[in-house]
Amino acid sequence: MRNRIIPFLFFILAAAPCAGAEPSLWDIYKTLSGKKFVDMTHPFRPGIPHWKGFPNQQVKQLYSYGRDGFRAERYSFTGQWGTHVDPPAHFHQGLRTVDEIPPREMIAPLVVIDISSRTTENPDTALDMKDVLRWEAKYGKIPAGAFVVKRDDWGKRWPDPLLMENPDVKGRARYPGWSVDALKFLVQDRNIIAIGHETLNTDCGLDVTDDRYPAQTYILGENRYQIGLIANADEVPEFGALAVITFPKPEKGSGFPARVFAILP
């Protein structure tokens, strides 16, 4: 009897997965497929809010169902159109272009830092070090490789260009931005891969009005990329979600529309 039990136990142990074995990618997919997905991308079309120096999008129908049996359009727009990616080369010659951002940097822990409580009364506010430290006091250290999004609820103003610009009586744009000090900490001390924001630019509207871009110059100069005009930041948690950040691969591209979504915990 003993001679029969020992081989049987060996078979059971050999067939059982090791306690420390990783789940397969298909097992991870099954888990993720049961989660809630939030699209963080605005649909784009002619007339949407955009940086003051860019021309409007143009669309021309080339083929139609009735005439040709299928439909196709030709789109003409600046790379920084709608929800879009800015690679480092957008501001810095010799740094990474769109096609040089690797797929490994297109999925990341999603960190959302919420400053929306003060943007209505002070549209010129910026996400600063106090906001970062407040987030870390609540949730712990921001993980390396994170995608950090500034939530200021400016995306709720989409797609009205006037509301997005929020000009004052002198015509100066008034919307929130990032502080350089906060970005330096996120890059140098936390090693994030990218940032995202709901606003038209990285910098506050007043800086952009004067053609000053210190925050955008810094983050792209550190060979990080950013996503502009994020949508639905109010629908994702501050902690615990994953971001998937995708975009086409134009060779040596300095920007392109992106598709970004969050997978909620």
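Every number here is computed from the coordinates shown, using simple stated rules; none is lab data. Everything numeric in this text was worked out from a predicted model, so none of it was measured. Glycine gets a Cβ as well: all are built from the backbone with ideal geometry, and neighbour counts include every protein chain shown.
Couple of notes before you dig in:
- Using R0 = 51 Å, the C-beta based FRET efficiency linking Tyr29 and Val169 works out to 0.40.
- Within the chain, antiparallel bridges make up roughly 60 percent of the DSSP beta bridges whose residues both belong there.
- Radius of gyration (Cα atoms) of segment 38-112, expressed as a multiple of 2.2 N^0.38 Å: 1.46.
- Part-to-part distance (alpha-carbon centres) for segment 156-184 and segment 215-254, which is given in Å: 18 Å
- Taking a point 7 Å from the Cα of Arg259 along the Cα-to-Cβ direction, the residues of segment 35-70 with backbone N closer than 16 Å to it are 37-45.
- Stokes-Einstein diffusion of segment 137-199 at 20 °C, 1.002 mPa s viscosity, Kirkwood radius from Cα pairs, rounded to a whole number: 158 µm²/s.
- Alpha-carbon Rg with Dmax, taken over the chain, Å: 22.8, 95
- Entry note, the chain: the mean residue ellipticity at 222 nm calculated from DSSP H runs of n ≥ 4, each adding -39500 (n - 2.57), is -7000 deg cm²/dmol after division by the residues and rounding to the nearest 500.
- Cut-off of 10 Å, at most 14 other beta carbons, DSSP loop: longest stretch of the chain lacking such GluC sites (Glu not before Pro): 122-250
- Label-to-label distance for Asp153 and Glu73 is 3.2 nm, based on points extended 7 Å past Cα in the beta-carbon direction.
- Once the Cα gyration tensor of segment 176-217 is diagonalised, semi-axes √(5λ) in Å: 20, 11, 7
- Helices of the chain meeting both criteria, an alpha-carbon length of 18 angstrom or more along the long axis and an average Kyte-Doolittle score not below -1.0, with helices taken as full DSSP H segments, are 2-15.
- In plain terms, the bigger the Kirkwood radius, the slower the diffusion; for segment 88-209, with that radius from Cα pairs, at 25 °C and 0.890 mPa s, Stokes-Einstein puts D at 159 µm²/s.
- Segment 143-195: chymotrypsin sites (Phe, Trp or Tyr not before Pro) falling in loop per DSSP and having at most 16 other Cβ within 10 Å: none
- Assuming charge only on the beta carbon of Lys and Arg (+1) and of Asp and Glu (-1), the dipole of the chain about its Cα centre is about 900 debye to the nearest 20.
- Under the criterion of Cα pairs below 8 Å and six or more residues apart, the relative contact order for the chain equals 29 percent.
- Its residue count N fixes a reference of 2.2 N^0.38 Å for segment 72-142, and the Cα radius of gyration divided by that reference is 1.55.
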